[in-house]
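Structure record follows, encoded as structure tokens.
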Amino acid sequence: MTGELVTVLERPRKGKVTLPPEIGESLAVGLYRRMVQASALDRLALELQARGTLSFYVSGAGAEARAVGAAGALRAGDWLFPSFRDLGAVLALGVPPEQVIAHWLGTSDDPALGRTLPFQYSSRSQRIVPPSAATAARVVQAAGAAHAMKLAGEQQVVLAVCGDAALLSGDFHAGLAFAGRFSAPLVVVAECRDDAPGNASVAAAHGVAAARVDGGDALAVYLAVATAVARARAGSGSTLIDAVLPRASAGRDPLGRLRGYLEACGLWSAALEAECRAAIAAELREALTRAQAAPRPTLAECFRDVSREPSARQQEQLRLAQDAASASDSNDP
Amino acid sequence: MTSSTFLQALNDALHTEMARDARVVVLGEGLGDPVFPVTRGLAARFGDDRCLDLPPSEAMTVGTAVGMAVAGLRPVPELQFADFSFAAFDAIVTEAARMRYRSGGQWSCPLVIRLPSGGGVAAGIDQSQSPEAHFCHTPGLKVVCPSNPHDAKGLLIAAIRDDDPVIFLEPKALYRTSRGEVPAGAYEVPLGQAAVVRSGDDVTLVTWGAMVEVCETAAARADELGLSVEVVDLRTLVPMDEATVLRSVERTGRLVVVSEAPSTCGFAAEISATVAERAIEFLEAPIVRVTGFDVPCPVALERVYRPDVSRVVAAIEQVVDF
């Protein structure tokens, strides 16, 4: 499988188009609906950014198939160490849109309590570990978490997602080398450009399996990750998956490609499309309204969670900060 | 009670905690045949999955430990020398120290990074540093440095049981030269608590690690000169036990801080600033620091670089004569 680009949507079609045997109808349609939701939320974020409500946002446009397809192959109890472009994965794992928006706005309903930028999602219940600004720290951490899962013995796996910049980082190689040496139940999905050589040789050097998949093909991504996850769960080790995305934006329409395929399978229609988009639009409008009504975290909340308990110094400094905040409030014209 | 060296006491702590808590794992370069055998016997007793022998990559050692800690283990990564912590600086400062904060308290990072630190063993400029100031300056990290075998075992056990990342500095000069009585079984020396190791009324010496013994000897020498010197062993740098330090200075009125790290922005400066802010009305003399120099410490310089008894006695006399 190494080197050969795995695809489903571009397979030669003879006669009736059908889903691959490993993918059921509700799964395939579910992946598509999730991608529509992710794309709509992503557009909302860009709108909020244009309005000045969000200062900083990294768009996941074009990554919907890669994000949703990969997360679709996980089960409850598995871990995700996401990239900045994993809004689709976060939604697929069950984080509701209102919580996503709360995170963007940094309200008290944000699990991260407004302490991070609007693409550093975290969720304890869904085992989503927030990325820092580093490109590949999550890969080496995911390798360690995978070892912990191996010791726990419940066949849980860890998925880490990174971009092509990660390959320049020592942490990427440290993580893969560890995973190869200790046979960790880790799957790494690396987004790469179609004009790059690919990572089969990197995977081989670290003693992990490799796969290469069309990153714009949600069904192919799902199959590749499901295969890798099954290997990891069975104790057969780690896989590095190249999710290849075309450099030219013209090639990037993962929604359109899957929609066309589902229509050809008789599983989708223009009517279903309209209904789906209307429902999502209503859902997001409501989620935005509720999220915007939530309060901001207090100054005191900003001083918590540095350690389990605030130190005496931190408590004293909080009082200084509160005094400074009220002094500046009263000085406002 | 057993008479143990500093190194044996640390080994004892690891055996004790790994037997008590299946979540505790150790990892580091060449654990199977380490430079300082603090991990001796652990792999044979607890297996290779809990005692991971890693290739020479500090980023891998600390980075995977962060992931293990988030996923429910209690990792105790070891680096061969404190100086090598810079290769894992991002993993320590950006990742371990901020995991709890960044996640809104959903995740924590209970790990203990063990660092053989300090000079006195002719290990050269890249293997003799005392880098505590870099970590004391990082919110989210606790920084601990024992000075004797009893505290080494008790502090390491306490650090392993702590739910937050701890930088655990082990003065390598003490590994085999420091010997003391160590209780059998599990016990904790609480983090954030200093110890007054010698009482006195005229001058307060505040210090930690390998310098505690130097200060005790200097205090004994000062005693012969008719001066009564109190020695405070901080044991934990962050969070600092300010109450014990201030209580001592309020009584003596004179403070000397002793640290083998370079002078500028060393932790001795933090102690000095804290006491000056909070106890100026009690001070009879300026605060004096006795420290290493703002140069690397080559083997050739080691004898004069690290504060010795004469330099500390001179500082005691300086604050008394002011």
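The values are calculated or read from the model by the stated rules, or taken from the named source; none is laboratory data. Everything numeric here is computed off the predicted structure, so don't read it as measured data. In this analysis, Cβ positions are derived from the backbone assuming ideal geometry, glycine residues included, and neighbour counts consider all displayed protein chains.
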**Request:** Scan the helices (runs of 4 or more DSSP H) fully inside the stretch A:16-98 and keep the ones with 3 or more residues being among the hydrophobic types (A, V, I, L, M, F, W, C), more than 27 Å from A:Asp164 (Cβ to Cβ) and out of contact with any strand residue (DSSP E or B) (no Cβ under 8 Å at 6 or more places or on another chain).
**Result:** A:25-51
**Asked** If you take the residues in the stretch A:139-156 that are out of contact with any helix residue (DSSP H, G or I) (no Cβ under 8 Å at 6 or more places or on another chain), without any contact (Cβ under 8 Å) to a residue 60 or more places away in the chain and in a helix (DSSP H, G or I), which one is nearest to B:Val62 (Cα to Cα)?
**Response** A:Leu151
**Message:** When you check A:Val189 against the structure, is it buried (at least 24 other Cβ atoms within 10 Å of the Cβ), within 26 Å of B:Leu52 (Cα to Cα), more than 11 Å from chain B (Cβ to nearest Cβ) and among the aliphatic types (A, V, I, L, M), yes or no?
**Reply:** yes
**Request:** Give me a count of the residues in the stretch A:12-33 that are of a type in the set (Lys, Arg), over 20 Å from A:Arg75 (Cα atoms) and touching a helix residue (DSSP H, G or I) at 6+ places or on another chain (Cβ under 9 Å).
**Result:** 2
**Request:** Output the residue which, of all residues in the stretch B:63-84 that are more than 15 Å from A:Asp171 (Cα to Cα) and β-branched (Val, Ile, Thr), is farthest from the other protein chains (Cβ to nearest Cβ).
**Result:** B:Val76
**Item:** Single unsatisfied condition, A:Gln120 versus (1) over 21 Å from A:Pro185 (Cα atoms); (2) in a loop (DSSP other than H, G, I, E, B); (3) more than 10 Å from every other protein chain (Cβ to nearest Cβ)
**Value:** (3)
**Options A:Gln322, A:Gln314; residue that is modelled with pLDDT of 95 or more, away from every other protein chain (no Cβ under 14 Å), closer than 30 Å to B:Asp164 by Cα and part of a helix (DSSP H, G or I)** = A:Gln322
**Residues within the stretch A:162-179 that are within 11 Å of chain B (Cβ to nearest Cβ) and either touching a Phe, Trp or Tyr at 6+ places or on another chain (Cβ under 8 Å) or part of a helix (DSSP H, G or I) (or both), tallied** = 10
**Message:** Whether any residue in the stretch B:120-137 is within 14 Å of another protein chain (Cβ to nearest Cβ), part of a loop (DSSP other than H, G, I, E, B) and in contact with a helix residue (DSSP H, G or I) (Cβ under 9 Å, 6 or more places away or on another chain) is what I want to check.
**Reply:** yes
**Request:** Report, by residue number, each residue of the stretch B:85-136 that is buried (at least 24 other Cβ atoms within 10 Å of the Cβ) and among the β-branched types (Val, Ile, Thr).
**Result:** B:Ile92, B:Val112, B:Ile113
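Matching residues to (1) modelled with pLDDT of 95 or more; (2) surrounded by 14 or more Cβ atoms within 10 Å (Cβ to Cβ); (3) touching a Cys at 6+ places or on another chain (Cβ under 7 Å); (4) hydroxyl-bearing (Ser, Thr, Tyr):
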| position | (1), (2), (3), (4) |
| --- | --- |
| A:Tyr261 | yes, yes, no, yes |
| A:Ile280 | yes, yes, no, no |
| A:Glu283 | yes, yes, no, no |
| A:Thr289 | yes, no, no, yes |
| A:Phe303 | yes, yes, no, no |
| A:Leu318 | yes, yes, no, no |
| A:Ser330 | no, no, no, yes |
**Asked** Pairs, please: C-beta under 7 Å, at least 6 apart or cross-chain, first residue modelled with pLDDT under 95 and in the stretch B:28-53, second among the aromatic types (Phe, Trp, Tyr)?
**Response** B:Phe36/B:Tyr175
**Prompt:** Among the numbered criteria (1) within 28 Å of B:Arg100 (Cβ to Cβ); (2) under 27 Å from the mean Cα position of the chain (by Cα); (3) more than 14 Å from chain B (Cβ to nearest Cβ), which single criterion is violated by A:Tyr261?
**Reply:** (1)
**Asked** Can you list the strands (runs of 3 or more DSSP E) found entirely within the stretch B:193-302 that contain at least 1 residues being within 22 Å of B:Lys172 (Cβ to Cβ), away from chain A (no Cβ under 14 Å) and in contact (Cβ under 8 Å) with a residue 40 or more places away in the chain?
**Response** B:195-198, B:203-207, B:229-233, B:255-258
**Item:** Only listed residue being part of a helix (DSSP H, G or I), within 25 Å of B:Gly185 (Cβ to Cβ) and in contact with a strand residue (DSSP E or B) (Cβ under 9 Å, 6 or more places away or on another chain), chosen from B:Ala88, B:Ala19, B:Ala65, B:Ala9
**Value:** B:Ala9
**Asked** Can you find a residue in the stretch A:102-116 that is touching an Asp or Glu at 6+ places or on another chain (Cβ under 9 Å) and without any contact (Cβ under 8 Å) to a residue 24 or more places away in the chain?
**Response** yes
**Asked** Which of (1) within 21 Å of the chain's Cα centre (by Cα); (2) within 20 Å of B:Arg254 (Cβ to Cβ) is the odd one out, the single condition B:Pro296 does not satisfy?
**Response** (2)
**Request:** Residue by residue through the stretch B:304-319, note down the ones that are surrounded by 20 or more Cβ atoms within 10 Å (Cβ to Cβ) and in contact with a strand residue (DSSP E or B) (Cβ under 9 Å, 6 or more places away or on another chain).
**Result:** B:Pro307, B:Val312, B:Ala315, B:Ile316, B:Val319
**Prompt:** Where residues in the stretch A:232-256 are of a type in the set (Lys, Arg) and surrounded by fewer than 19 Cβ atoms within 10 Å (Cβ to Cβ), which of them is modelled with the highest pLDDT?
**Reply:** A:Arg233
**Request:** Would you tally the residues in the stretch A:34-57 being surrounded by fewer than 16 Cβ atoms within 10 Å (Cβ to Cβ) and touching a residue at least 40 places away in the same chain (Cβ under 8 Å)?
**Result:** 2
**Fill in**
Considering the stretch B:37-62, residues that are surrounded by 18 or more Cβ atoms within 10 Å (Cβ to Cβ) and assigned to a loop (DSSP other than H, G, I, E, B), and then whichever is farthest from the other protein chains (Cβ to nearest Cβ), we arrive at B:Val38
**Item:** Meets criteria (surrounded by fewer than 19 Cβ atoms within 10 Å (Cβ to Cβ), assigned to a helix (DSSP H, G or I) and not aromatic (Phe, Trp, Tyr)) for A:Val202
**Value:** yes
**Asked** On the given criteria, is A:Glu301 out of contact with any Phe, Trp or Tyr (no Cβ under 6 Å at 6 or more places or on another chain), more than 14 Å from every other protein chain (Cβ to nearest Cβ) and part of a helix (DSSP H, G or I)?
**Response** no
**Asked** Name the residues in the stretch B:251-303 that are surrounded by fewer than 17 Cβ atoms within 10 Å (Cβ to Cβ) and among the aliphatic types (A, V, I, L, M), would you?
**Response** B:Ala273, B:Ala276, B:Ile280, B:Ala285, B:Val295, B:Val299, B:Ala300, B:Leu301
**Asked** Among the listed residues A:Arg247, A:Arg257, A:Arg290, which satisfies the condition of being touching a residue at least 40 places away in the same chain (Cβ under 8 Å), under 18 Å from A:Gly60 (Cβ atoms), among the basic types (Lys, Arg) and assigned to a helix (DSSP H, G or I)?
**Response** A:Arg257
